[in-house]
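Here the structure comes first, spelled out in structure tokens, and everything after it is commentary.
The values are calculated or read from the model by the stated rules, or taken from the named source; none is laboratory data. If you're wondering where the values come from, they're calculated on a predicted model, not measured in any experiment. Glycine gets a Cβ as well: all are built from the backbone with ideal geometry, and neighbour counts include every protein chain shown.
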Amino acid sequence: MAFVAMRVLVIDVGGTHVKCLGTGHRRARKFASGKALTATRMVRGVLRITRDWRYDVVSIGYPGPVLHGRPAREPHNLGSGWVGFDFGRAFERPVIVINDAAMQALGSYDGGSMLFLGLGTGLGSALIIDGVVEAMELAHLPYKNGRTYEDYLGKRGLRRLGKKKWRRHVGDVVARLRAAFAPERVVLGGGNARLLKRLPPGVRIVGNASAFTGGTRLWDRRRPARGVRDRAGAARSERCPRLDAPRHSHTRGEAHGARAPQPGRAVSENVSGR
């Protein structure tokens with residue numbers, strides 16, 4: 001069977017910017033987000049900055065929990081109107097919505113078990129074990145002094161603590177989570193990961209480009225998927241990604257030569273719907 005390459009528009013929704021990259025384009029485009037950004041404004045902004053791009057399908061990395069392909073809760077660092085919003089109808093394309101940390105983790109994955117932490121405006125987290133990705137909401141769990149992990153590792157924590165103390169808390173949290181989940185490797189992403197100076201063994205940093213790689217992998221035509229929205233916004237079947245290790249490790253998450261060790265494995269994150 002021949003596979004037709006699809007042109008994918010990947011949208012990475014963050015607390016500071018919304019970034020977009022399409023198949024065949026080298027540079028991402030972005031616009032400011034923030035507390036006033038509703039789902040409707042996000043769509044309008046994306047359509048405005050990508051009006052000269054052509055694409056067949058859309059991947060959206062959403063900064064919050066996603067259930068059955070839809071935002072399950074309004075985001076902490078953005079405006080409202082995300083829960084129940086029909087992205088398929090708004091873009092008039094098939095759309096996959098996935099947690100943003102899970103999307104970047106997918107783009108960074110190179111096999112085995114991997115914990116991903118996104119150090120940005122907030123704190124994103126995802127775990128991948130043998131190709132199965134599970135987005136997590138560790139950010140709002142209690143950490144110290146009545147504050148959460150995000151209160152220390154997010155943007156507000158960085159401003160309150162300063163870089164030196166913030167780095168120390170990042171190291172402490174990574175150590176705690178490694179002990180809890182026992183991953184083979186830890187990947188740190190997000191805009192503030194670049195502020196780290198020293199990394200423990202088994203920990204690496206990836207750039208934001210891994211989010212775009214992950215969003216493109218979601219539309220790998222070699223696997224069945226569920227929960228994708230069609231042009232009319234109705235649920236339908238599509239083909240989605242292999243969440244499998246490439247034959248060689250790539251620090252930016254390129255999925256060269258991916259193959260499935262266990263075909264047909266279900267994905268815990270329903271929205272990615274393999």
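Can you pull out the strands (runs of 3 or more DSSP E) entirely within the range 1-55 that have at least 3 residues that are touching a residue at least 60 places away in the same chain (Cβ under 8 Å)?
Numbers: elements: 8-13, 17-22, 29-32.
So the answer is 8-13.
Of the residues in the range 95-127, how many are assigned to a strand (DSSP E or B), within 29 Å of VAL43 (Cβ to Cβ) and hydrophobic (A, V, I, L, M, F, W, C)? Let's see the steps before the verdict.
At the first step, the residues of the range 95-127 found to be assigned to a strand (DSSP E or B) are 95-99, 113-119, 123-127.
Now narrow it down to the ones that are within 29 Å of VAL43 (Cβ to Cβ): 95-99, 116-119, 123-126.
Add one more test, that the residue is hydrophobic (A, V, I, L, M, F, W, C), and what stays is 95-98, 116-117, 119, 123, 126.
Number satisfying all stated conditions: 9.
If I ask for residues that are part of a helix (DSSP H, G or I) and either farther than 25 Å from ALA209 by Cβ or hydrophobic (A, V, I, L, M, F, W, C) (or both), which ones from the range 179-198 would you list? Reasoning before the result, please.
Residues of the range 179-198 part of a helix (DSSP H, G or I): 179-181, 193-195.
Within the range 179-198, ALA179, ALA180, PHE181, ALA193, LEU195 meet the criteria.
From ASN192, ASN145, which residue is surrounded by fewer than 23 Cβ atoms within 10 Å (Cβ to Cβ) and out of contact with any Leu (no Cβ under 8 Å at 6 or more places or on another chain)?
On the way: ASN192 fails: out of contact with any Leu (no Cβ under 8 Å at 6 or more places or on another chain).
Answer to the check: ASN145.
Just to be sure before I move on: is ARG51 more than 25 Å from LYS197 (Cα to Cα) and either of a type in the set (D, E, K, R) or under 19 Å from the mean Cα position of the chain (by Cα) (or both) in the structure I sent?
Working: more than 25 Å from LYS197 (Cα to Cα): yes; either of a type in the set (D, E, K, R) or under 19 Å from the mean Cα position of the chain (by Cα) (or both): yes.
In short, yes.
GLU150: surrounded by 14 or more Cβ atoms within 10 Å (Cβ to Cβ) and either modelled with pLDDT of 95 or more or in contact with a Leu (Cβ under 6 Å, 6 or more places away or on another chain) (or both), yes or no? Working first, answer last.
On the way: surrounded by 14 or more Cβ atoms within 10 Å (Cβ to Cβ): yes; either modelled with pLDDT of 95 or more or in contact with a Leu (Cβ under 6 Å, 6 or more places away or on another chain) (or both): yes.
For GLU150, the condition - surrounded by 14 or more Cβ atoms within 10 Å (Cβ to Cβ) and either modelled with pLDDT of 95 or more or in contact with a Leu (Cβ under 6 Å, 6 or more places away or on another chain) (or both) - is met.
Would you please name the residue that is surrounded by the fewest Cβ atoms within 10 Å (Cβ to Cβ), looking only at residues in the range 131-142 that are hydrophobic (A, V, I, L, M, F, W, C) and closer than 23 Å to GLU74 by Cα? It would help to see each step written out before you state the result.
Within the range 131-142, the first condition is being hydrophobic (A, V, I, L, M, F, W, C), and the residues that meet it are 132-133, 135-136, 138-139, 141.
Of the ones still in play, those that are also closer than 23 Å to GLU74 by Cα are 133, 135-136, 138-139, 141.
Working: VAL133: 26, ALA135: 25, MET136: 19, LEU138: 22, ALA139: 22, LEU141: 12.
Within the range 131-142, the match that is surrounded by the fewest Cβ atoms within 10 Å (Cβ to Cβ) is LEU141.
Restrict the check to the range 145-161 and report whether at least one residue is in contact (Cβ under 8 Å) with a residue 12 or more places away in the chain and more than 26 Å from TRP82 (Cβ to Cβ). Break it down into steps so the answer makes sense when it comes.
Filtering the range 145-161 down to residues in contact (Cβ under 8 Å) with a residue 12 or more places away in the chain leaves 149-150, 152-155, 157-158.
Now narrow it down to the ones that are more than 26 Å from TRP82 (Cβ to Cβ): none.
Within the range 145-161 (the criterion being in contact (Cβ under 8 Å) with a residue 12 or more places away in the chain and more than 26 Å from TRP82 (Cβ to Cβ)), the answer is no, since none of the residues qualifies.
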